[in-house]
Amino acid sequence: MAAHEQSDAAEPEAPRFEFEGDEGLRAPITAALRRVVDPEVALSIVDVGLIYRVRAGAEGVYVLMTMTSAACPVTDVIIEDVQNELDRVLPPALPLEVELTYEPPWTPERMSESARRFMRW
């Protein structure tokens, strides 16, 4: 492929959440979170902007996340999917905690550019 040509397979946008800790876990954690889809909008929870922070280290992995609304009917499904996807990529004995918060509240500005285009926002 010539240097001026672009590949059809675009790289995913950088996630818009804070990551602290073991850099060796950043890529597998991010990939796992990207596999979790918000069924109401058919987009990755990373692209929707539901993940606020991830801390990963020898003591465990902590995920702080939100929903687009406190009345979200699929909250339990999404949290379970997050836990299942992370369990697939984390070392077996590493503790995992997923915390749900509504502060600060989610806003559409948290969405990735590709998600905004998909939603036509």
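FYI, it's all coordinate maths here, none of it is from the lab. Being a predicted model, the structure only gives us computed values, none of them experimental. With ideal geometry, Cβ positions are generated from the backbone for all residues, glycine too; neighbour counts draw on all protein chains shown.
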Per-selection Kirkwood Rh - the stretch 6-111 (Cα, Å, 1 d.p.): 14.2
Loop-resident sites, the stretch 39-80, for GluC sites (Glu not before Pro), counting at most 11 other Cβ within 10 Å (DSSP): E59
Label-point separation in nm, A27 to Y102, each point 7 Å along Cα→Cβ: 3.9
Average Cα contact separation per residue, the stretch 18-119, under 8 Å, 6 or more apart, as relative contact order %: 32
DSSP-defined beta bridges in the chain - what % are antiparallel, rounded to 5: 45
Two-site label geometry, V74 and A58: point separation in nm, points 7 Å out along Cα→Cβ: 3.9
